[in-house]
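J.: Once you've had a glance at the structure underneath, I'll fire off some questions.
Just so it is clear, none of the values below were taken in a lab; they were calculated from the coordinates. None of the values given here were measured: they were computed from a predicted structure. Methodologically, a virtual Cβ is constructed for each residue, glycine included, from the backbone with ideal geometry; neighbour enumeration extends over all protein chains shown.
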Amino acid sequence: MTAKKDEYFHAIKLIESKCTGCTKCVRVCPTKALRVRNGVVELDSNRCIDCGKCVIECPFGAIQTIADDISAIENFKYKMAIISTSFAGQFPSHIGYKTAKKALLSLGFDEVAEEAMVTVKMSGIIREYIKNHKEIRPIISSNCPSIVRLIQLRFPSLLPNILHLEAPMSMLSVYFRKKICEEQNLKENEVGIFLIVPCISQVTAVHQPEGTYKSLEDGAISIQGIYSEIITNLMKNDNQNDDNEIDIYPKGLSWAISGMEAEEVNDSNLKTMAVSGVENAINILAKIEDQQIENFDYIVMNSCTKGCVGGILNIEDPFIATSRIRSLIRNAKDKEFNDEYFEDMYHQGKFNVPILEPRSIMALDEDIKIALNKMNRIDEIVKKLPGLDCSACGSPTCKTLAEDIVEGKAELSDCIVLHRKKQHDNFPKEEEK
Ligand code: SF4
Ligand code: SF4
């Protein structure tokens, strides 16, 4: 499962046979990536940021998620899982986080690591980065791939503001691949690194070979996709509760919850803020771009409401998962990940990433005259449309219908209101009969 060259990969698939053309998804997409044409949903791959809102909204299951199957690990000699912080919130206390983590070994992985290993250290690294980059404000967290793509798409002037370091799970992938190859005398392609993820945005980050998230991993398995196998395995093997030999890092789980990363980075001398939900992120990014916001040092944004616990590939309700994770953090014994090899890699710049390229939403035309002409035509069409933004035409707003018409992807007659008006005007009046 990889993206074809010059084509954006997305971890959603459209099932045309299930689509009723109701346009619910069209209305909810924050980047206007969906249309209904000829009665079925279509995706503009360039605009999609993999937030998953359309998957939640569709009542007919016509938009479904994509992730790797666990069988993909069989292609490698050494198999490693790196679990996201939200994983810990999915299991009730009678199972427990440590037991669930250990169960992954029984499913065929040789080693299991977790994002939480490095988040505490990462908070310190980010603090140092903020202090060393006083010329950039605010610095925006790079941890949520949907937010990174949103900035590429709608706020390209803010690309230099993104923290130019790999996200924790990508750092761990780089670190473990090198370490395992050296210790086990294996070639890089013999080591399979798989992320266990809470959202489609992370699946896309693994399979999209451009940007901050280079393909550092070999696959992304959803928490939903592996959950029942873990539970079945635990029911078969009672001895799973004997989990002394596996380490966990509960303190580092905090990044699963919106607000906590921003708190931890803040040493009381910084001004930080946390934002969750795509629409909220869009509002704040617009304010930053228009310089209508006070000067924050660091802003953490998550496209999922409540943070990664709100990812659509989780099993558990985000409120319940948050409560469990908070309890694990409260009772945490201070286990810390201290590794010179990791430190050396960080100081050698192995986790640095370049400034990302923008993604263009709609280049009207390379020729400025033609582009201006198209803009004028869009304005003229908008004036003719009713301005109701009802989506009945299959485009999300009247403005996007006008853009689609100019691009030759729709017609004025697609507007139901105009169509009805025309029919009404042509209908013989009582006195004319
Ligand atoms: S929500 Fe979108 S994908 Fe689902 S049936 Fe309606 S138009 Fe089709
Ligand atoms: S995943 Fe998000 S951005 Fe992509 S089509 Fe669905 S709602 Fe739009």
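J.: Relative contact order for the range 39-190: what percent, with Cα pairs under 8 Å and sequence separation of 6 or more?
T.: Numbers: 104 pairs, mean separation 35.0, N = 152.
Computed value for the range 39-190: 23 percent relative contact order.
J.: Sequence-distant or interchain residues sharing an amide H contact under 5 Å with THR305, placed H: which?
T.: Those lying under 5 Å, H to H, from THR305 are GLY277.
J.: Convert each backbone phi in the range 24-35 into a coupling constant with the Karplus relation 6.51 cos²θ - 1.76 cosθ + 1.60 (shift: θ = phi - 60°), then list the ³J(HN,Hα) values in order as whole Hz, x for Gly and Pro.
T.: 4, 5, 4, 6, 8, 5, x, 10, 6, 8, 10, 9
J.: Could you give me the ³J(HN,Hα) list for the range 271-281, computed from phi with Karplus coefficients 6.51, -1.76, 1.60 and θ = phi - 60°, whole Hz, x at Gly and Pro?
T.: With coefficients 6.51, -1.76 and 1.60, one gets 10, 10, 8, 10, 10, 10, x, 4, 5, 5, 4 Hz.
J.: For the range 289-305, take each phi angle, set θ = phi - 60°, evaluate the Karplus expression 6.51 cos²θ - 1.76 cosθ + 1.60, and give the result in whole Hz per residue in order, putting x for glycine and proline.
T.: 4, 8, 6, 10, 9, 5, 7, 8, 7, 8, 10, 9, 10, 10, 6, 8, 5
J.: Sort TYR298, TYR129 so that the residue with the fewest other Cβ atoms within 10 Å of its own Cβ comes first and the one with the most comes last. Provide the component values of the computation, followed by the final result.
T.: Numbers: TYR298 23, TYR129 17.
Going from least to most buried by this count: TYR129, TYR298.
J.: Can you put ARG47, ARG149, ARG326 in order, fewest other beta carbons within 10 Å first? Before the final figure, lay out the partial values.
T.: Values: ARG47 20, ARG149 27, ARG326 16.
Exposure proxy ranking, most exposed first: ARG326, ARG47, ARG149.
J.: With an 8 Å Cα cut-off and a minimum separation of 6 or more residues, compute the relative contact order for the chain in percent. Walk me through the numbers on the way to the answer.
T.: On the way: 732 pairs, mean separation 89.0, N = 433.
That works out to 21 percent.
J.: Working from Cα positions, state the angle (0 to 90°, nearest 10) between the long axis of helix 168-184 and the longest principal axis of the chain.
T.: Value to nearest ten degrees: 40.
J.: I'd like to know how the range 1-66 sits against the 2.2 N^0.38 Å rule of thumb: what's its Cα Rg over that expected value? Each step should come with its number before you reach the end.
T.: Details: Rg = 11.3 Å, N = 66, 2.2 N^0.38 = 10.8 Å.
Here the Cα radius of gyration is 1.04 times the empirical estimate.
J.: Principal axis lengths of the range 362-433 from Cα atoms, whole Å, largest first?
T.: Reported extents, whole Å, longest axis first: 53, 22, 17.
J.: Now for a separate question. Of the listed peptides 306-315, 259-268, 135-144, 415-424, what is their order by residue-averaged count of other C-beta atoms within 10 Å, with the highest listed first? Walk me through the numbers on the way to the answer.
T.: On the way: 306-315: 24.9, 259-268: 17.6, 135-144: 21.0, 415-424: 13.6.
Peptide ranking by packing, descending: 306-315, 135-144, 259-268, 415-424.
J.: Taking the chain as the reference, fit the longest principal axis to its C-alpha atoms, fit the long axis of helix 223-236 to the helix C-alpha atoms, and give the angle between the two in degrees, 0 to 90, nearest 10.
T.: 40
J.: Would you mind checking the tilt of helix 368-384 against the longest principal axis of the Cα atoms of the chain, expressed as 0 to 90 degrees and rounded to 10?
T.: Taking the Cα atoms of the chain, the angle to 368-384 is about 70 degrees.
J.: Could you quote the convex hull projected area for the chain, Cα atoms only and averaged over all directions, in nm²? Don't skip to the answer; put the middle values down first.
T.: Working: hull surface 105.1 nm².
Hull-based average projected area comes out at 26.3 nm².
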